[in-house]
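In what follows, a structure is listed as structure tokens, so that the remarks can point back to it.
The values are calculated or read from the model by the stated rules, or taken from the named source; none is laboratory data. Only a predicted model underlies this, so the values are computations on that prediction, with no experimental measurement involved. Cβ coordinates were reconstructed from backbone atoms using ideal geometry, including for glycine residues, and neighbour counts include every protein chain displayed. Ligands, DNA and RNA are excluded from the accessible area calculation, which covers all protein heavy atoms including side chains. Shrake-Rupley method; radii C 1.70, N 1.55, O 1.52, S 1.80 Å.
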Amino acid sequence: MKAYKNRNLFGSAMVLLSCILLFSCEGEDIFDVSNDGYVGNYSESICFGVSQDGNAQTRSLSSDGGNEYTAEQFVLRSQDSADTLCVRAIVSEGIHSSSGRQTVTRATPVAEGNFYDAFHVLAYWKKNGQLVQEQFYMDEDVSKKGNNLWSATNTYYWPGNGHSLQFYAWAPEDVFTATPQGPTETTLEYTVPSDVALQNDLLVTTTGELNGNSNTVVPLTFRHICTAVRFETGSQMQAGTISSVTLKGIKKTGTYDMATDTWALTETTVDFTQELNHATTGTETAGSEVTSAAQTFMMLPQTLSDRATVEVVFVDGTTGTERTLSASIAGMDWPQGTTVTYRISITPEYEFNLSDERTLDAHYEIYKTNLVVSGVPSGQSWTISAPDNVTIQAQSDMNSWAQQGYWTEKRQETDASGNLTDIGSARGEASYSGTGSRDFPIAIFVPENIGDEKRSIALSVTVNGSVVQTINIEQYAPSWYGSNIGCERLEGDMQPWGFYWSSDFKLVFDLTKCDENERQSLATYVNFYQSFIIRLIAFLIGIDIPDLSYVTMDAHGGFLGIGEVADKITIDLGSLDAGNIAESQDDGQRNTRDIYNFEGIQLTNNIINRIQSIRGYTMKIEGSGSLPTNNAAIACMKLNSWNVVTAQNEEVLTLTNGTNPEWYLPASGEITGISDDEHPLSGNYWTSTSVQDGHEYAYKYDATGSTSQERRDTQLNVRAVRKK
């Protein structure tokens, strides 16, 4: 900065007050200090420059963290006919002139590029901690003198040690009907002009107390203290002309306290009208401007009075009929420093969308997505409903099996005799309800499509008893080939075939640093799968549970296995002979089932998954091999329908339709002719057939249907198949 010489004033050494800079930000606070942007010739006076701060942050308005929310929706009605127009009231952060958030006064809201040519500054002066009440230290208009430079006519200096200054400023400088007349006052009085062209975007700032010997840049942050009100059309609008808009019953006079940033309004209300003659074509997109930047209403922030009304005069483009339509907006809040946009349309502008629209595969599918809701006022309820055995639930409500990727159908419980009783859905219900607007993480459970053609599933959205939108989900049919067999259409993650390990391969889990309650629950879980009673119940309901003797547990406490606390769990996979399994070349269903159920390996995987959900465990691997928790057969088994069965207070899974999976990993003899015109096969894929009398290899195939051997721990593509 330019150096200034010291001067003596009031008998003490003074240091010239440094230049004050401001920057722009889109939000409640739009101007602040910067050390950049000094332009022009400096005189020995306080000077002000405006520069942009690209890092300015705005405060959050909505409950879900967004920068806008729908405050309410209502219907404009005509007293002379059945004509109506729907209006959505959107409150958004900052003062702007369009839905694109372009910051926009004197009838055009203010940004850095069109900041006022003049504003007023007060400096409140304290000496030895006491307010000097006889006078303001500074009480001046500052005006624009050149490029990015505002300055006062008089020269002011820092008052020195033992003194402090506090600055207040407002813009524009000449619109308030009363301003502070002495250092004990901090209020401004204002009346909104009836003519919208004369309404101003009012800006105010204040600082803390600054040391009188600072000789530093004074940080000023101007904030919008009005509320901008504008109109736009939605995507559903008929052709015609919006002749005028009127805000009725609006408070127009108040007192603003700069020290507390609060308004006190008088109860007198008036009407504000604009003649617009704005033509609508019927082809507008949502957010099409009706009131331009220069036509933005600049109102006092308030909770609207009982007689507050919006009135629109609309001329029908077909008949030429003029209708006056109105609705009460009593009780709505117009927050300070925000823009309230009234969006007009023929029908309510509710928006319901899925965050990742995609076509689902033919098998049983859990479609995890966000339901993105906008346009629904806070507290307003809605329901989305599904047909054709499709169900919906919140992702947070998904059971632990569904979280792992299993498509679960029913919850069942069994008695000691193996009798099953249905106790409810394991995948939500046919409808899902919520309130307001935000993102709702949901899971849509879609049954398999085993037809010949892609199908469409229509989810209907209901608000206030009426269907307002339909969301269509597309689902592929299998790519049928060969002798009544078809494959899935979309490939997931690559997988190993699995069961590849050395004879000394072990997983050793140390649990001593885990939560004791978690360790006790885990011990109960392991004992559950190793108990005679559960194996008996499983046998009665058609599930084969081995004794899992290769899973050993060190535990303490408890009695007869009840209440034990697990210390260490060892899974001796190397002791299992993984040869001579899944050798069929034409029965992929049996191969897949045998791989999945091999020596209770899937139950062991459940134990591993349970351990890995506990904090504090450590795992040591002895020998070499691949973990059993993911393989090609498991990936295919998850594409089927399962029931969750509760037995002895623990859960097991059973296939909904018998013991054989409907979707499975094809045997080496079942891939002849496999093809997909829309999503062609590419690369290498696993079959479910292992190499006979081997422990290391299984068969793979390529896009031409040629088979060859591959080591089981290799990562390959997977396509499940299904018989027609």
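Apart from one condition, Ser400 fits all of (1) under 23 Å from Leu653 (Cα atoms); (2) surrounded by fewer than 14 Cβ atoms within 10 Å (Cβ to Cβ); the exception is (2). Take the residues in the range 650-682 that are at pLDDT below 95 and touching a helix residue (DSSP H, G or I) at 6+ places or on another chain (Cβ under 8 Å), then tell me which one is surrounded by the most Cβ atoms within 10 Å (Cβ to Cβ). Looking at the filtered set, the residue picked out is Val652.
Report yes if some residue within the range 513-525 is at pLDDT below 85, in a loop (DSSP other than H, G, I, E, B) and open to solvent by 20 Å² or more (accessible area, probe 1.4 Å); otherwise report no. Looking through the range 513-525, none of the residues is at pLDDT below 85, in a loop (DSSP other than H, G, I, E, B) and open to solvent by 20 Å² or more (accessible area, probe 1.4 Å). For Ile595, the criteria (1) closer than 29 Å to Cys487 by Cα; (2) modelled with pLDDT under 90 hold in every case but one, which is (2).
Taking the conditions (1) in contact with a Lys or Arg (Cβ under 8 Å, 6 or more places away or on another chain); (2) assigned to a loop (DSSP other than H, G, I, E, B); (3) under 30 Å from Leu300 (Cβ atoms) in turn, Thr339 satisfies each one other than (2).
When Val218, Val245 are checked against the criterion of being in a strand (DSSP E or B), at negative phi and of a type outside the set (Ser, Thr, Tyr), Val245 stands alone in meeting it.
Taken together, Thr186, Thr177, Thr191 contain a single residue that is open to solvent by 40 Å² or more (accessible area, probe 1.4 Å), touching a Phe, Trp or Tyr at 6+ places or on another chain (Cβ under 8 Å), at pLDDT 95 or above and closer than 21 Å to Pro301 by Cβ, which is Thr177. What pairs can you find where one residue is in the range 494-506 and on the phi > 0 side of the Ramachandran plot, the other is assigned to a loop (DSSP other than H, G, I, E, B) and open to solvent by less than 30 Å² (accessible area, probe 1.4 Å), and their Cβ atoms are less than 7 Å apart, with a gap of 6+ or different chains? Correct list of pairs: Gly498/Ser626; Gly498/Pro628; Gly498/Asn631; Gly498/Arg712; Phe499/Ala578; Phe499/Arg712. Tell me which residues, restricted to the range 209-233, are open to solvent by 40 Å² or more (accessible area, probe 1.4 Å) and at pLDDT 90 or above. Hit for the range 209-233 is Glu209, nothing else.
The single condition among (1) modelled with pLDDT under 95; (2) open to solvent by less than 50 Å² (accessible area, probe 1.4 Å) that Gln238 does not meet is (2).
Determine whether the range 97-118 contains at least one residue that is open to solvent by 10 Å² or more (accessible area, probe 1.4 Å), part of a strand (DSSP E or B) and either modelled with pLDDT of 50 or more or aliphatic (A, V, I, L, M) (or both). Yes: one or more hits. Filtering the range 288-315 to residues that are over 22 Å from Arg77 (Cα atoms), open to solvent by 10 Å² or more (accessible area, probe 1.4 Å) and among the hydrophobic types (A, V, I, L, M, F, W, C) leaves Ala293, Ala294. Residues in the range 417-440 that are open to solvent by less than 60 Å² (accessible area, probe 1.4 Å) and either within 22 Å of Ser400 (Cα to Cα) or touching a Lys or Arg at 6+ places or on another chain (Cβ under 7 Å) (or both): Gly424, Ser425, Ala426, Arg427, Gly428, Ala430, Ser431, Tyr432, Phe440. Within the range 248-267, if we keep just the residues that are among the polar types (S, T, N, Q) and either assigned to a strand (DSSP E or B) or in contact with a helix residue (DSSP H, G or I) (Cβ under 9 Å, 6 or more places away or on another chain) (or both), the residue that is most open to solvent (accessible area, probe 1.4 Å) turns out to be Thr262. If I filter the range 325-355 down to residues being open to solvent by 60 Å² or more (accessible area, probe 1.4 Å) and over 22 Å from Gly379 (Cα atoms), which single residue comes out as nearest to the chain's Cα centre (by Cα)? Checked the range 325-355; the qualifying residue nearest to the chain's Cα centre (by Cα) is Ser355. Do the conditions hold for Ser151, that is, is it in contact with a Cys (Cβ under 8 Å, 6 or more places away or on another chain), buried (at least 19 other Cβ atoms within 10 Å of the Cβ) and over 11 Å from Tyr256 (Cβ atoms)? Yes, satisfied. Taking the range 373-491 as the region of interest, the strands (runs of 3 or more DSSP E) fully inside it that hold 3 or more residues being more than 28 Å from Thr687 (Cα to Cα) and of a type in the set (S, T, N, Q) are 381-385, 431-435, 455-463, 466-475. Looking only at residues of the range 461-482 that are hydroxyl-bearing (Ser, Thr, Tyr) and surrounded by fewer than 16 Cβ atoms within 10 Å (Cβ to Cβ), we find that the one that is nearest to His679 (Cα to Cα) is Thr470.
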